[in-house]
Amino acid sequence: MTFRTRFAPSPTGPLHLGHAYSALLAYDMAQAAGGEFLLRIEDIDQSRARRQWEDQIYDDLAWLGLRWPLPVMRQSDRLDVYDAALDRLWALGLLYVCTCSRADIANATSAPQEGVPAFGPDGLIYPGSCRNSPRNGLRPKQAVLRLDMALAVQGMDTVGFVETGIHAGDVILPADDLVHTVGDIVLARRDMGTSYHLSVVVDDADQQITTVVRGKDLFEATQIHVVLQRLLGLATPRYYHHALVRDETGKRLAKRDDARAISLYRADGLLPNDIRNILINVKV
Ligand code: GLU
């Protein structure tokens, strides 16, 4: 199988050094393997995504020396594909409508049980207040839909994937653990009609990605992606989670660390190789 990877930025601000690191790493890995590097624009959050940032992404990546096949996949063009995946999970009885506000969830989880984690890879672990809402009939649109994790992992012994970046090796987790360590995550948000987890899984499969290269901040989310791949009958790619670029105080660059925007380095007269040199000390 040909090596095929992708870079999947969200056009919600300027690309910074952390993005450049991820994109260059993925691109170089594809080149070294004689494979392919794809670009995907993750713009399902229409309240934050801007065309201006998308155009800047194309410009910055091309300036860095990256090339990718056209047309570029844009998540906002694929809402019907995510809809179909949600329909499938709904038909299996694995989704339910959640009407809880943030405050409801915070109140219900204010006295966590000893030995049970309060936070999972997707934030506060949902206490299950709406789990008994009806699951029959047509799938409600414009509703928050959660995955019933206990039902989702039924019949799965383990949840596993091959990690080739940090902690390289097989990652294998008892499937039942996810009920308590991840919980009933949101798969469709009211405003988006989908979610990061659902879209990323469907898109990586449709783009036939063989190795997902991304920051290690998403390592913990990967178990969720594997569950969704199993439920939707999709192959699990290999994962390469890389180190995060940090500032001089050791803090990882924020999603919108404008001070390290590639466009600013460009305006200062730096060249793509200077960016590569700045990034040379990032480990893995
Ligand atoms: N769109 C995500 C981000 O910008 C990347 C998701 C991924 O690589 O899986 O953080």
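The values are calculated or read from the model by the stated rules, or taken from the named source; none is laboratory data. Since this is a predicted model, take the numbers as computed values, not measurements. Glycine gets a Cβ as well: all are built from the backbone with ideal geometry, and neighbour counts include every protein chain shown. Surface areas here come from the heavy atoms of the whole protein model, side chains and all, with no ligands, DNA or RNA. Shrake-Rupley method; radii C 1.70, N 1.55, O 1.52, S 1.80 Å.
Label-to-label distance, ARG67 versus ARG190, with points set 7 angstrom from Cα along the beta-carbon direction: 4.8 nm. 3J(HN,Hα) couplings calculated from phi for the stretch 222-231 with the Karplus curve 6.51 cos²θ - 1.76 cosθ + 1.60 (θ = phi - 60°) are, in sequence order, 5, 4, 5, 5, 5, 4, 5, 4, 5, 5 Hz; Gly and Pro show x.
Farthest toward the positive end of the dipole of the chain, out of SER199, THR12, GLN52, is the Cα of GLN52, where the dipole comes from beta carbon charges about the Cα centre.
Using the Cβ-Cβ distance between ILE280 and THR249 with R0 set to 22 Å, the FRET efficiency works out to roughly 0.65. With the convex hull drawn over the C-alpha atoms of the stretch 1-60, the volume per residue is 74 Å³. Note on the stretch 77-108 and the stretch 112-131: Cα centroid distance 17 Å, given to the nearest whole angstrom.
Put the Cα centre of the stretch 30-72 next to the Cα centre of the stretch 166-245 and the gap is 20 Å. Taking one quarter of the surface of the convex hull spanned by the alpha-carbon atoms of the stretch 130-174 gives a direction-averaged projected area of 5.4 nm².
With R₀ fixed at 30 Å, the C-beta to C-beta distance from ASN132 to ARG238 puts the FRET efficiency at about 0.20. Between GLN142 and ARG102, the modelled label-to-label distance comes to 2.2 nm, taking each label 7 Å out from Cα in the direction of the beta carbon.
Hydrodynamic estimate: the Kirkwood radius of the stretch 215-284 over Cα pairs, inserted into Stokes-Einstein at 37 °C and 0.692 mPa s, corresponds to D of 222 µm²/s.
Compared with the dominant Cα axis of the chain, that is its longest principal axis, helix 196-206 is turned about 70°. Charge tally for MET149 (other residues, Cβ to Cβ under 11 Å; Lys, Arg +1; Asp, Glu -1): -3. When peptides 180-186, 105-111, 127-133 are ranked by their average number of other Cβ atoms within 10 Å per residue, the highest-first order is 180-186, 127-133, 105-111. For the stretch 126-284, a Kirkwood hydrodynamic radius built from all Cα pairs, placed in the Stokes-Einstein relation at 37 °C and 0.692 mPa s, yields a translational diffusion coefficient of 179 µm²/s. Over all pairs of distinct alpha carbons, what does the Kirkwood formula give as the hydrodynamic radius of the stretch 12-148, in Å? Kirkwood radius, the stretch 12-148: 18.6 Å. Modelled spin labels at GLN208 and ALA111, positioned 7 Å past Cα toward Cβ, are 5.6 nm from each other. Multiplying the residue separation of ARG230 and SER263 by 0.36 nm and removing their Cα-Cα distance gives an extension gain of 7.9 nm. Ligands, DNA and RNA left out, the 1.4 Å accessible surface of the chain is 51% carbon and sulfur atoms. For the chain, taking a cut-off of 4.7 Å between Cβ atoms, the unpaired cysteines are CYS100. Sites count as exposed loop sites when they are GluC sites (Glu not before Pro), lie in a DSSP loop, and have at most 13 other Cβ atoms within 10 angstrom; the longest stretch of the chain without one is 115-247.
In this entry, the chain is assigned a mean projected area of 15.9 nm², taken as a quarter of its C-alpha convex hull surface. Along the Cα-to-C-beta direction of ALA118, a point sits 7 Å from the Cα; which residues of the stretch 221-265 have their amide N less than 13 Å from that point? In the stretch 221-265, the label zone of ALA118 (backbone N under 13 Å from the point 7 Å along Cα→Cβ) covers no residue. Based on the convex hull around the alpha carbon atoms, the stretch 92-176 presents an average projected area of 7.8 nm². Stretching the chain fully between THR158 and ALA84 yields a gain of 24.0 nm (0.36 nm per residue, less the alpha carbon separation). Taking every alpha-carbon pair within the stretch 37-113, the share separated by more than 22 Å comes to 54 percent. Taking the chain as the reference, fit the longest principal axis to its C-alpha atoms, fit the long axis of helix 51-63 to the helix C-alpha atoms, and give the angle between the two in degrees, 0 to 90, nearest 10. Approximately 50 degrees, to the nearest 10. Across every pair of non-identical alpha carbons in the stretch 25-75, the mean reciprocal distance, once inverted, gives a Kirkwood radius of 12.0 Å.
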